[in-house]
Structure formats: structure tokens, C-alpha cells
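First up is the structure itself, then whatever we jot down about it.
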């Protein structure tokens, strides 16, 4: 098994945006394609839209699972007495 290399720097906003976009489109294309193949095999017309919707839902899930978390330094900020984390100008 190969070890994953640890990134030396954080990805830029554009890199994260393109990764999220390609994940969404990839889910749509792959699962929509599976639905299209099933439609041709079964002689129906309902599997393509179901596959496309399923692909988009799984794509959204994958994006949220991968990029939906706050960065480490943002996640462990102390909470003040008002119940919210201090803003950058308050630090």
C-alpha cells in the first residue's frame, strides 16, 4: 500500500473551488451515465434522471464531507461569555 504524501502548504481558494466543482460534476456524469446505461438495458426512461439526482446528492455529500469543516485553527477557538467565538478584530 502506498502512503499518502502530506501537503506542504494549504490549497488556495481556487484549488478548493475547482476540486469541489469537479466532484459535483463527476457525481452527475458518473451516476447519470449509470442511469443512462440502465435505461438502455431495460428499455425505460426513468433511471437517467434518478441517476443524475443521486449523483448530485452524493457529490454534495462528498464536497461537504471533504471541505465542509472549518480549518484546525478556526475549530478550536475559545468561546467568550456571549456564547460565540471572538472575531479576528477582538483578539
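Among the residues of the stretch 42-52, how many are in a helix (DSSP H, G or I) and over 11 Å from residue 24 (Cα atoms)?
Qualifying residue count for the region: 6.
If I filter the stretch 1-20 down to residues being assigned to a helix (DSSP H, G or I) and touching a helix residue (DSSP H, G or I) at 6+ places or on another chain (Cβ under 9 Å), which single residue comes out as surrounded by the most Cβ atoms within 10 Å (Cβ to Cβ)?
20
Values in this text are rule-based calculations from the coordinates and carry no lab data. Since the structure is predicted, the reported quantities are computational estimates derived from the model, not experimental observations. Cβ: placed from backbone, ideal geometry, glycine included. Neighbour counts: every protein chain shown.
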